[in-house]
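What follows is a set of notes on a single structure, which appears directly below.
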Amino acid sequence: MTSATSPALHTANERRRLGSIAWHVGALAVLAVVLYPVIWVAGASFKPSKDIVASLDLLPTEPVWANFSGLADGISGISISTFFWNSLMYAILAVVGVVLSSSLTAYAFAKIRFAGRNLLFTLMIGTLLLPYHVLLIPQYVLFRNLELTDTLVPLVAGKFLATEAFFVFLMVQFMRGLPRELDEAAKLDGCGHLRTYWSIVLPLSRPALITSAIFTFINAWNDFMGPLIYLNTPDKYTVSLGLMMFRDQEGIANYGGMIAMSLVALVPVIAFFMAFQRYLIDGMATSGLK
């Protein structure tokens with residue numbers, strides 16, 4: 001019996017091993033496709049501008065540091081630190097606005113019963129179907145009449161008014177999963193809605209809050225259309241607009257400096273994600289036990 005089953009067991013192990021090898025080879029192939037643009041940008045940042053378009057080599061044969069050292073000189077007399085500071089302020093204000101306004105709105109939809117709640121929630125979800133460009137002109141006219149263009153106000157005002165329906169929906173679904181007994185216990189202790197929201201629901205919703213914060217930071221940092229529409233002064237440009245300034249009036253672009261700055265611009269996004277990504281897997285149970 002042992003001799004009869006050994007060949008079958010050996011064959012099964014071989015198939016399992018081949019399947020594992022095929023899976024890993026496929027995963028490595030997908031990883032190579034995903035990482036190729038990043039490797040290309042990293043390699044191109046060390047090439048002279050004339051070789052970036054003409055050369056087909058993925059990595060430079062003779063790396064140069066001129067692209068990065070040139071960033072210290074700024075762009076058109078403006079330090080690149082100005083662009084990074086403007087983007088950082090925009091991203092931080094966007095994160096604060098989305099987290100506060102969306103969580104407060106989500107608490108109302110998830111925990112408070114009031115007339116028209118389902119209708120309002122449906123209308124809010126319906127705003128996800130509206131293209132961004134449909135609202136662009138009316139919003140621009142509104143902020144121009146209020147003389148708020150060329151400031152960060154048009155870019156962050158909506159963040160503080162819970163206009164990000166996706167994040168509101170995300171938090172509503174998370175808060176609805178929190179035990180109702182916690183709300184009842186807080187009510188017995190004399191907590192109102194505001195105290196329950198701040199002391200009970202908000203700490204338990206940390207995974208949803210961190211997820212919203214990460215995506216909001218990335219979206220704000222990479223935002224191009226909003227700053228392009230509302231910002232006019234180069235001193236107030238964000239990183240995305242600052243990259244355009246590497247192209248002069250004759251259409252000649254400093255590709256080396258542009259790619260070097262693009263690579264440097266990835267650092268804050270990666271740092272923000274790495275700092276908070278561990279909270280993405282936090283569960284409600286471990287927070288609720290405390």
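The values are calculated or read from the model by the stated rules, or taken from the named source; none is laboratory data. Fair warning: this is a prediction, and the values are worked out from it, not measured in the lab. Don't worry about glycine lacking a Cβ; one is built from the backbone with ideal geometry, like all the others, and counts go over all protein chains shown. For accessibility, only protein heavy atoms count, side chains too; no ligands or nucleic acids. Shrake-Rupley method; radii C 1.70, N 1.55, O 1.52, S 1.80 Å.
Scanning segment 230-244 for residues that are of a type in the set (Ser, Thr, Tyr), in contact (Cβ under 8 Å) with a residue 60 or more places away in the chain, surrounded by fewer than 18 Cβ atoms within 10 Å (Cβ to Cβ) and outside any helix (DSSP H, G or I) turns up at least one hit.
Taking segment 129-174 as the range and being open to solvent by less than 50 Å² (accessible area, probe 1.4 Å) and touching a Ser or Thr at 6+ places or on another chain (Cβ under 6 Å) as the test, the residues that pass are PHE143, ASP150, ALA162, ALA165, PHE167, VAL168, MET171.
Any chance segment 61-77 includes a residue that's assigned to a strand (DSSP E or B), in contact with a helix residue (DSSP H, G or I) (Cβ under 8 Å, 6 or more places away or on another chain) and at pLDDT below 85?
Of all residues in segment 61-77, those assigned to a strand (DSSP E or B) come to 75.
Filter once more, keeping what is in contact with a helix residue (DSSP H, G or I) (Cβ under 8 Å, 6 or more places away or on another chain): 75.
Of the ones still in play, those that are also at pLDDT below 85 are 75.
Yes, there is a match, as at least one residue in segment 61-77 is assigned to a strand (DSSP E or B), in contact with a helix residue (DSSP H, G or I) (Cβ under 8 Å, 6 or more places away or on another chain) and at pLDDT below 85.
Quick one: count up the residues across segment 76-90 that are open to solvent by 30 Å² or more (accessible area, probe 1.4 Å) and in contact with an Asp or Glu (Cβ under 8 Å, 6 or more places away or on another chain). Total satisfying the criteria: 1. Screening the candidates PHE46, PHE114, PHE109, PHE68 for the property of being open to solvent by less than 70 Å² (accessible area, probe 1.4 Å), of a type in the set (Phe, Trp, Tyr) and free of Cβ contacts under 8 Å to residues at least 24 places away in the same chain yields one hit, PHE46.
Scanning segment 175-197 for residues that are among the basic types (Lys, Arg) and modelled with pLDDT of 90 or more, we see that the one that is least open to solvent (accessible area, probe 1.4 Å) is ARG176. Does LEU93 meet the test of being under 29 Å from the mean Cα position of the chain (by Cα) and open to solvent by 70 Å² or more (accessible area, probe 1.4 Å)? Spelling it out, it is not the case that LEU93 is under 29 Å from the mean Cα position of the chain (by Cα) and open to solvent by 70 Å² or more (accessible area, probe 1.4 Å).
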